[in-house]
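A.B. asks: Submitted below is the structure of interest, expressed as structure tokens.
Values quoted throughout were computed directly from the atomic coordinates according to the rules given, and no laboratory measurement underlies them. A quick note: this is a predicted structure, and the numbers were derived from the prediction, not measured. For neighbour counting, all protein chains shown are included, and Cβ atoms are generated from backbone atoms with ideal geometry for every residue, glycine included.
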Amino acid sequence: MTPVQAAPDLRVNLGGIAMKNPVMVASGTFGYGPEYADLVDLNQLGAMVVKGIHLEPTRGNETPRTFETASGLLNAIGLPNPGFDGFVKTYMPFLRQYDVPVIVNIWGRTVDEYAEVARRFNDVDGVHGLEINVSCPNIKEGSALFGTDLDMFRRVVDAVRARTRLPVIPKLAPNVGDIRAFACAAEACGANAISLINSFPALAIDAETRRPELANVTGGLSGPAIKPIALKLVWEAARAVSIPVVGIGGIFNATDAIEFLIAGADAVAIGTANFTHPGTAMETVRGIAEYLDRHGLARVGDLVGTLAA
Ligand code: SIN
């Protein structure tokens with residue numbers, strides 16, 4: 001009799017966050033959960049990262065805020081959010097119904113704002129981790145500067161780490177000289193994991209009107225166009241640190257996700273694909289399991305960092 005092969009073990013421990021599988025949904029592409037609940041079985045996600053939360057409600061940028069480019073999406077949304085109180089009151093009762101780790105992406109305009117929003121989440125039931133948004137290219141004060149200046153980056157991660165009991169995951173910007181310096185700084189400041197990359201600063205122009213396509217002029221490019229850049233940065237960062245890495249950037253199917261795992265990511269987050277095909281995360285989970293099975297790998301961890309280079 002042929003022995004029955006056990007299903008591959010997809011579980012991942014992301015710096016203290018226990019996930020059923022390595023497939024998360026990226027901040028800013030999945031709202032706060034209810035927006036996708038009729039389309040996706042949220043319980044099947046590895047984790048959900050919600051859109052960036054600030055201390056106070058904010059409106060975001062003027063429209064147009066998005067523009068489709070060749071193989072990519074340019075956005076300058078500007079981090080609109082319901083504020084800490086609005087998020088906790090409106091969305092946490094909904095999110096607590098699900099058996100999925102909730103990671104809250106947090107942002108501030110100053111180091112103190114980051115620290116304060118992190119501190120407030122200590123008392124919120126059902127939040128499993130904080131992703132520190134130091135890489136949004138679309139707001140005038142804070143975020144992008146904190147993600148591209150190593151000293152400012154350390155100050156933010158240190159301050160958040162000092163104020164929270166939750167696992168912290170700085171989300172790295174791609175437009176830095178040496179990603180390894182930021183990855184190592186995150187680890188040295190006590191981050192439990194890192195996620196990368198955020199969108200790449202970019203510009204689209206309407207040649208007829210000679211105007212930018214976005215009201216904010218510049219935006220962040222995401223989608224398949226940035227996948228090779230993301231893979232290279234994940235590969236470099238993962239070799240520089242021993243904390244877990246979340247790979248993000250143009251993942252549209254299981255093969256894309258598998259490439260990130262091979263590059264050294266312990267988990268992946270689906271971003272832009274959620275807008276066109278909300279089932280991508282579910283299909284990616286199934287595709288990873290099928291790949292592990294086909295390659296005789298018992299655990300998803302057996303694939304991580306196996307690039308033959
Ligand atoms: C935005 O809201 O502008 C995008 C969020 C981000 O890039 O972090």
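A.B. asks: Let me know the shape class of region 40-145, please: from the alpha-carbon gyration tensor, a ≥ b ≥ c as square roots of the eigenvalues, rounded when a/c is under 1.5, otherwise prolate if a/b is greater than b/c, or oblate.
C.D. replies: The shape class here is oblate.
A.B. asks: Which whole-number percentage describes the relative contact order of the chain, with Cα contacts under 8 Å and a sequence gap of 6 or more?
C.D. replies: The normalised contact order for the chain reaches 20 percent.
A.B. asks: Show that you can apply the helix-only estimate: for the chain, add -39,500 (n - 2.57) for every DSSP H stretch of four or more residues, divide by all residues, and state [θ] at 222 nm to the nearest 500.
C.D. replies: About -9000 deg cm²/dmol.
A.B. asks: Can you give the local net charge around Met19? Use residues other than it whose beta-carbon is closer than 10 angstrom to its beta-carbon, Lys and Arg +1, Asp and Glu -1.
C.D. replies: Result for the neighbourhood of Met19: +1.
A.B. asks: I'd like the trypsin sites (Lys or Arg not before Pro) in region 177-274 restricted to DSSP loop residues with at most 16 other Cβ atoms within 10 Å, sorted by number.
C.D. replies: Passing sites in region 177-274 are Arg210.
A.B. asks: Now for a different question. Could you grab the relative contact order for region 130-236? Cα pairs under 8 Å, six or more apart, rounded to a whole percent.
C.D. replies: 26 percent
A.B. asks: To the nearest 20 debye, what is the magnitude of the charge dipole of the chain about its Cα centre, counting +1 on the Cβ of each Lys and Arg and -1 on the Cβ of each Asp and Glu?
C.D. replies: 360 debye
A.B. asks: Give the residue from Ala115, Val300, Thr272 lying farthest towards the positive end of the charge dipole for the chain; charges sit on Cβ (+1 for Lys and Arg, -1 for Asp and Glu) and the dipole is referred to the Cα centre.
C.D. replies: Of the candidates, Ala115 comes out farthest on the positive side.
A.B. asks: Here is a further query. Only Lys, Arg, Asp and Glu count, each charged at its Cβ (+1, +1, -1, -1), so figure out the dipole size of region 176-270 about its Cα centre, rounded to 20 debye.
C.D. replies: Rounded to the nearest 20 debye, it is 100 debye.
A.B. asks: Cross-link candidates for Lys227: which aspartates and glutamates have Cα within less than 20 Å, leaving aside residues fewer than 8 places away along the same chain?
C.D. replies: Answer for Lys227, where 20 Å is the Cα cut-off: Glu68, Asp178, Glu236, Asp256, Glu259, Asp266, Glu283, listed by chain and number.
A.B. asks: What GluC sites (Glu not before Pro) does region 175-280 have in DSSP loop regions with at most 16 other beta carbons within 10 Å?
C.D. replies: Of the GluC sites (Glu not before Pro), the ones in loops of region 175-280 whose Cβ has at most 16 other Cβ atoms within 10 Å are Glu208.
A.B. asks: Within the set of other residues whose C-beta is less than 12 Å from the C-beta of Phe260, count the net charge using Lys and Arg as +1 and Asp and Glu as -1.
C.D. replies: Taking every Cβ under 12 Å from that of Phe260, the sum is -1.
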